[in-house]
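The values are calculated or read from the model by the stated rules, or taken from the named source; none is laboratory data. Please read all numbers here as calculations on a predicted model, not as lab measurements. A quick note on method: Cβ atoms are made from the backbone with ideal geometry, for glycine too, and the neighbour counts reach across all protein chains shown.
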Amino acid sequence: MREINVGIVGTKFMGRAHSNAYIDVPHFFDVPFKPVLKAACGRDAESLKAFARNFGWQSTETAWEKLVARDDIDLIDICTSNVTHMPIAVAAAKKGKHVLCEKPIAMNADEARRMLDAAQESGITHMVAFNYRRAPAIALAKQLIEQGKIGTIRHFNAVYYQDWLVDPGFPYVWRHDVKEGGSGAHGDMSAHTVDLARYLVGEFEAVNGVQEIFVKERPSTDGKMLPVTADDATYFISRFQNGALGSFLSTRFATGRKNYLRIELFGSEGALVFNLERMNELEYYSRTDEGLAQGFRNVIVTENKHPYINAWWPPGHIIGWEHTFIHEVKDFLQGIAEKKPVTPDFFDGWRCQQVLDAVTESSVSQKWVSIAV
Ligand SMILES: NC(=O)c1ccc[n+]([C@@H]2O[C@H](COP(=O)([O-])OP(=O)(O)OC[C@H]3O[C@@H](n4cnc5c(N)ncnc54)[C@H](O)[C@@H]3O)[C@@H](O)[C@H]2O)c1
């Protein structure tokens, strides 16, 4: 099998999830390349070495510029805080390396556009890691929508709840700093739900939102209080170009909820509901069902005929959150081999970022903001 040399930047949460995906993918899918874990990049040499040893990365770099400049790297995988996405991706694209970039794609739509332009100019394959598109139940929802099973979509409602900031003593991290993240809960969580909405419903027309920082200062590791500049919660409503309406709640203050992502689509012929905490299931209601037993049915998305499942286990043997990244890498490698665009790509990342920016703008102006076409 042909090999593809991967260089990863970022060694923590997403660095681990993506490393696992490169290792697992050739064992389960018939991929065109065997990923070679060539080099890992992080800022702290000691934890970087431990990370590389643990996952089998062959070498390390402590500056991403050096990693991107290496001739023995074909693909750069960006798993760092958001402020670094644009410079790393643009540099990698200019060197002709394929780029898989974590979400949100960038700090703002202008940066995202620069990334898209650089990727298009160099002809690389590019992808944004909106991994929830690759949950089999979401991919099935997409198929059912395309088959017209729920008819004309009227509503897309999304809630994304976490509770890790409820404690005011929770320490300050990069996610509290608008200069490093671009935004807080919004870029982190609404980025996913906006992408799912674009995937399943279509393009946004206009948005109107509100954002809040509930705890204004948090202690740093040395006990100093630092100002929180990134939103703790963002709520917004939207109009889509096709006439559907949307609502989106993202908060890190949803006491008791850990990573509760739930979307609901109501259409003229039926409805679909997905809940990440029960990610192997898809609720489906059809108006064409008849009789007293009409109601939401719970489809267990573990049959061979369901998206991605053929590569895994017999029916009913559920898969997990990490599999979404394995599916993402599988599709990315296929796109590279076939020289075909893979979605969600930097265009999708840019369009998503335009929506995120418009919500932030509307929360300041307290007015509806249209999305540039
Ligand atoms: N797809 C998802 O479900 C998902 C989930 C969580 C985070 N994310 C995204 O992944 C990205 C990383 O988030 P995370 O949770 O892994 O954060 P993290 O804080 O766990 O890890 C960030 C890593 O980036 C490294 N880093 C930062 N600046 C760097 C630089 N200049 N050079 C080298 N390394 C640098 C840090 O040292 C650390 O290893 C973010 O964009 C985030 O929004 C996506």
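Tell me yes or no: at least one residue of the stretch 144-151 is closer than 20 Å to R198 by Cβ and acidic (D, E).
Scanning the stretch 144-151, I find at least one residue that is closer than 20 Å to R198 by Cβ and acidic (D, E), so the answer is yes.
Could you list all residues from the stretch 41-64 that are of a type in the set (D, E) and not in a loop (DSSP other than H, G, I, E, B)?
E46, E61 - these are the residues of the stretch 41-64 that are of a type in the set (D, E) and not in a loop (DSSP other than H, G, I, E, B).
Might you check whether a residue that is out of contact with any strand residue (DSSP E or B) (no Cβ under 9 Å at 6 or more places or on another chain) and either of a type in the set (A, V, I, L, M) or outside the structural domain of V166 (by TED's automatic domain parsing) (or both) occurs anywhere in the stretch 248-262?
no
Identify, please: which residue in the stretch 37-54 is of a type in the set (A, V, I, L, M, F, W, C) and crowded, with 16+ Cβ neighbours inside 10 Å and is, among those, farthest from the ligand (Cβ to nearest atom)?
Checking each candidate, the answer is L37.
Please name all residue pairs, on different chains or six or more residues apart, with Cβ atoms under 8 Å, provided the first residue is in the stretch 104-123 and is over 27 Å from G184 (Cβ atoms) and of a type in the set (S, T, Y) and the second residue is surrounded by fewer than 23 Cβ atoms within 10 Å (Cβ to Cβ) and modelled with pLDDT of 95 or more.
S122/K94; S122/G96
Could you tell me whether the stretch 120-129 includes any residue that is surrounded by 15 or more Cβ atoms within 10 Å (Cβ to Cβ) and over 25 Å from K340 (Cβ atoms)?
No: the stretch 120-129 contains no residue that is surrounded by 15 or more Cβ atoms within 10 Å (Cβ to Cβ) and over 25 Å from K340 (Cβ atoms).
Kindly provide the set of residues from the stretch 67-91 that are closer than 21 Å to N131 by Cβ and either out of contact with any Lys or Arg (no Cβ under 9 Å at 6 or more places or on another chain) or surrounded by 23 or more Cβ atoms within 10 Å (Cβ to Cβ) (or both), ordered by number.
Correct list: L75, I76, D77, I78, C79, T80, N82, T84, H85, I88, A89.
Pick from L292, L265, L333: which is more than 16 Å from the ligand (Cβ to nearest atom), in a helix (DSSP H, G or I) and modelled with pLDDT of 95 or more?
The conditions single out L333.
With L249, L261, L245, L226 as the choices, which residue is closer than 30 Å to K149 by Cα, touching a helix residue (DSSP H, G or I) at 6+ places or on another chain (Cβ under 8 Å) and not aromatic (F, W, Y)?
That would be L261, the only listed residue that is closer than 30 Å to K149 by Cα, touching a helix residue (DSSP H, G or I) at 6+ places or on another chain (Cβ under 8 Å) and not aromatic (F, W, Y).
I want to confirm something. Restricting to the stretch 296-321 and keeping residues that are touching an Asp or Glu at 6+ places or on another chain (Cβ under 8 Å) and not in a strand (DSSP E or B), which single residue is surrounded by the fewest Cβ atoms within 10 Å (Cβ to Cβ)?
P315
With respect to the numbered conditions (1) farther than 16 Å from V159 by Cα; (2) surrounded by fewer than 22 Cβ atoms within 10 Å (Cβ to Cβ), which one is the sole condition not fulfilled by F204?
(2)
Could you check how many residues of the stretch 1-17 are more than 9 Å from the ligand (Cβ to nearest atom) and not in a strand (DSSP E or B)?
Residues meeting the conditions: 1.
Restricting attention to the stretch 27-36, report how many residues are touching a residue at least 12 places away in the same chain (Cβ under 8 Å) and either in contact with a strand residue (DSSP E or B) (Cβ under 6 Å, 6 or more places away or on another chain) or surrounded by fewer than 18 Cβ atoms within 10 Å (Cβ to Cβ) (or both).
Residues flagged as touching a residue at least 12 places away in the same chain (Cβ under 8 Å) and either in contact with a strand residue (DSSP E or B) (Cβ under 6 Å, 6 or more places away or on another chain) or surrounded by fewer than 18 Cβ atoms within 10 Å (Cβ to Cβ) (or both) within the stretch 27-36 amount to 6.
One residue is enough: does the stretch 19-38 have a residue meeting the conditions farther than 20 Å from T343 by Cβ, assigned to a strand (DSSP E or B) and of a type in the set (K, R)?
Within the stretch 19-38 (the criterion being farther than 20 Å from T343 by Cβ, assigned to a strand (DSSP E or B) and of a type in the set (K, R)), the answer is yes, since at least one residue qualifies.
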